[in-house]
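Let me begin by presenting the structure, written as structure tokens, before commenting on it.
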Amino acid sequence: MGKKIMIVDDSKTIRQQVSFTLTKGGYEVIEAEDGADGIEKLKANKDVAMVISDVNMPNMNGLEMVEKLKAEGNTVPVIMLTTEGASDLIQRAKAAGAKGWLVKPFQPDQLVAAVTKIAG
């Protein structure tokens, strides 16, 4: 099995689509339901090579999660996968350390290419 990628999204359907795409691409996938769940799972899975996160989620959104990871000194690369396209949100994500921004619906080959480029 390849590198471990975590998908953080409150939509079970999106998590399943991303998981299917990345598993086919040779990656191992773990899932989290929101930013708070993602942070907890990252603490339990130190070998996560990369995080793919939605922006709009309950409890802790994706931007808050990226900002918290940065504040805690966690350097795991994160790309945002969201329906959002507002430039202010993109700039906030990049300022917090996000490595990329993909808009849903995603193209499977584009997602795998982004993960391969960032996580290896």
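Please treat every number below as a calculation from the coordinates, not as lab data. Because the structure is predicted, anything quoted here is derived from the model rather than measured. Cβ sites come from the backbone with ideal geometry, for glycine too, and all protein chains shown count toward neighbours.
Residues whose amide H falls under 5 Å from that of S53, counting only those 5 or more places apart or on a different chain, are V8, I79, M80, L81, with hydrogens built in the peptide plane.
Applying both filters, DSSP loop and at most 16 other Cβ atoms within 10 Å, to the trypsin sites (Lys or Arg not before Pro) of segment 5-68 gives K46. Phi angles across segment 29-42 convert, under the Karplus curve 6.51 cos²θ - 1.76 cosθ + 1.60 with θ = phi - 60°, into 3J(HN,Hα) values of 10, 10, 10, 9, 8, 6, x, 5, 4, x, 5, 4, 5, 5 Hz, Gly and Pro given as x.
Relative to one another, the C-alpha centroids of segment 84-100 and segment 1-77 are positioned 16 Å apart.
Mind jotting down a quarter of the surface of the convex hull over the alpha carbons of the chain, in square nanometres, one decimal? Kindly include the intermediate steps, with their values, before the conclusion.
Details: hull surface 25.6 nm².
Its average projected convex-hull area is 6.4 nm².
Looking at the square roots a ≥ b ≥ c of the eigenvalues of the Cα gyration tensor of segment 71-116, which shape do they give, rounded for a/c under 1.5, prolate if a/b is larger than b/c, or oblate?
On the way: a/c = 3.02, a/b = 1.28, b/c = 2.35.
It is oblate, given that a/c is not under 1.5 and a/b is not larger than b/c.
For the modelled label position 7 Å from the Cα of L102 along Cα-to-Cβ, which residues of segment 13-52 have backbone nitrogen atoms closer than 17 Å? In segment 13-52, the label zone of L102 (backbone N under 17 Å from the point 7 Å along Cα→Cβ) covers 13-32, 49-52. Normalised by residue number, the volume inside the convex hull of the Cα atoms of segment 28-86 is 85 Å³ per residue. 3J(HN,Hα) along segment 94-111, derived from phi through the Karplus expression 6.51 cos²θ - 1.76 cosθ + 1.60 where θ = phi - 60°, amounts to 5, 4, 7, x, 4, 8, x, 9, 10, 9, 6, x, 8, 8, x, 5, 5, 5 Hz, with x in place of Gly and Pro.
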